Amino acid sequence: MDDFLALITVYYECSALAEAHVLSQVERFACNETYQQAKRLLLDGPLSEPGSILTRDQNTQAFLAFKEWEAANAALVAQLKSH
């Protein structure tokens, strides 16, 4: 879970930067990659490994798991977003 928290902290920082100014292509790519890595950690099975390609269903499952995690950890999410 430490890896997930580290990734999601960076993702929230990326989101804050995107709200403050337009991100460069490199920044957008890095932020998206961070988000994708965080979502993968919420999946079970071998396709959660970096480098594997998620199917549309797996990507949807990862997104929904991420949203469930955010809802279940609302106070922590607010704290991470406030930094």
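The values are calculated or read from the model by the stated rules, or taken from the named source; none is laboratory data. Here the structure is a predicted model, which is why all the values come from computation and not from measurement. Reconstructed Cβ throughout: ideal geometry from the backbone, glycine too, with neighbour counts over all protein chains shown. Note: accessible area is taken over every heavy atom of the protein model, side chains too, but ligands, DNA and RNA are not part of it. Shrake-Rupley method; radii C 1.70, N 1.55, O 1.52, S 1.80 Å.
Inside the range 39-63, can you point out the residues that are assigned to a helix (DSSP H, G or I) and either open to solvent by 80 Å² or more (accessible area, probe 1.4 Å) or in contact with a His (Cβ under 8 Å, 6 or more places away or on another chain) (or both)? Hits for the range 39-63 are 46, 56, 57, 61, 63.
Filtered by the rule that a residue be under 14 Å from residue 66 (Cβ atoms) and of a type in the set (Lys, Arg), the range 1-53 gives 39, 40. Annotation note: of 61, 25, the sole residue that is at pLDDT 90 or above, of a type in the set (S, T, N, Q) and more than 15 Å from the chain's Cα centre (by Cα) is 25.
Condition first: small (Gly, Ala, Ser) and part of a loop (DSSP other than H, G, I, E, B). Now tell me which residues in the range 20-38 satisfy that. Explain how you work it out, then say what you get.
Kept after step one, since they are small (Gly, Ala, Ser), are these residues of the range 20-38: 20, 24, 30, 38.
The answer is 24, and nothing else.
Based on this model, can you work out whether residue 13 counts as surrounded by 13 or more Cβ atoms within 10 Å (Cβ to Cβ) and without any contact (Cβ under 8 Å) to a residue 12 or more places away in the chain? When the stated conditions are applied, residue 13 does not pass them.
Restricting attention to the range 19-38, does a residue exist that is in contact with a Pro (Cβ under 8 Å, 6 or more places away or on another chain) and either surrounded by 15 or more Cβ atoms within 10 Å (Cβ to Cβ) or hydroxyl-bearing (Ser, Thr, Tyr) (or both)? Yes, because at least one residue in the range 19-38 is in contact with a Pro (Cβ under 8 Å, 6 or more places away or on another chain) and either surrounded by 15 or more Cβ atoms within 10 Å (Cβ to Cβ) or hydroxyl-bearing (Ser, Thr, Tyr) (or both). Checking residue 66 against (1) more than 19 Å from residue 1 (Cβ to Cβ); (2) open to solvent by less than 70 Å² (accessible area, probe 1.4 Å); (3) in a helix (DSSP H, G or I), which single condition isn't satisfied? Among (1) more than 19 Å from residue 1 (Cβ to Cβ); (2) open to solvent by less than 70 Å² (accessible area, probe 1.4 Å); (3) in a helix (DSSP H, G or I), residue 66 violates only (1).
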